Amino acid sequence: MKVVVNKCFGGFDLSDKAHERLMELGVKYYKSFDDMPKNNKDLYIVNSSSPGFGMYYSNFSDYENRTNPLLIQVVEELGEEASGRFGQLEIVDIPDGIQWEIDEYDGIETLHELHRSW
């Protein structure tokens with residue numbers, strides 16, 4: 001199973017080029033958050049209103065979306081160009097059937113097998 005993680009300080013960040021490619025592949029696009037249906041659980045991309053960041057915002061940074069085949073495809077196609085200004089995205093391949101979690105420190109993410117802790 002392939003999982004996309006960020007491997008540098010800053011955090012998970014897709015480039016505008018990656019967002020545009022995801023839209024070409026059919027990910028829903030909204031002009032603003034106000035245009036989105038309430039309680040939207042689907043994958044989405046919206047115009048970003050945050051200056052200094054990319055042109056788009058999406059929910060691909062949510063951990064449950066890191067195995068999405070479209071995200072994997074775009075990161076494989078674009079390589080380093082898939083990463084936004086604050087990210088360095090990489091694909092980690094783990095055995096199928098493993099329960100996993102992402103641990104993050106200052107934006108750097110590591111993938112861990114999920115196990116019990118008390």
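Full extension of the chain segment joining residue 31 with residue 80 gains 15.0 nm, where the gain is 0.36 nm per residue of separation less the Cα-Cα distance. Solvent-accessible surface of the chain, taken per residue with a 1.4 Å probe and all protein chains present: 63 Å². Close amide-amide hydrogen proximity is noted between residue 83 and 15, 89, each under 5 Å apart and 5 or more residues distant or on a separate chain (H modeled in the peptide plane; Pro and chain starts excluded).
Applying the criteria of a DSSP loop state and at most 16 other Cβ atoms within 10 Å to the GluC sites (Glu not before Pro) of the range 54-118 yields no site.
Relative to the longest principal axis of the Cα atoms of the chain, helix 69-78 runs at roughly 80 degrees.
Near the amide H of residue 36, within less than 5 Å, lie no amide hydrogens of residues on another chain or at least 5 residues away, with H placed in the peptide plane. A straight line joining the Cα centroids of the range 3-60 and the range 72-94 runs 14 Å. Within the accessible area of the chain, the carbon and sulfur atoms contribute 49%, probe 1.4 Å, all protein chains present.
Across the range 104-118, computed HN-Hα scalar couplings (Karplus, 6.51 cos²θ - 1.76 cosθ + 1.60, θ = phi - 60°) run 10, 9, 6, x, 6, 10, 10, 9, 10, 5, 6, 8, 6, 8, 10 Hz from first to last residue, x flagging Gly and Pro. Between the amide H of residue 100 and those of 114, distances stay under 5 Å, these residues lying 5 or more places away or on another chain, with hydrogens modeled in the peptide plane.
Of the residues 88, 65, 102, the one whose Cα sits farthest towards the positive end of the charge dipole of the range 18-118 is 65 (charges of +1 on Lys and Arg Cβ, -1 on Asp and Glu Cβ, taken about the Cα centre). Computed 3J(HN,Hα) for the range 56-67, one whole-Hz value per residue from the Karplus formula 6.51 cos²θ - 1.76 cosθ + 1.60 where θ = phi - 60°, is 10, 10, 9, 9, 6, 6, 4, 3, 5, 9, 6, 9, glycine and proline marked x.
The values are calculated or read from the model by the stated rules, or taken from the named source; none is laboratory data. Just so we're clear, the structure is a prediction, and the values are computed from it rather than from any experiment. We place every Cβ from the backbone using ideal geometry, glycine too, and count neighbours over all the protein chains shown. We work out accessible area using only protein heavy atoms, side chains counted, and drop any ligands, DNA or RNA first. Shrake-Rupley method; radii C 1.70, N 1.55, O 1.52, S 1.80 Å.
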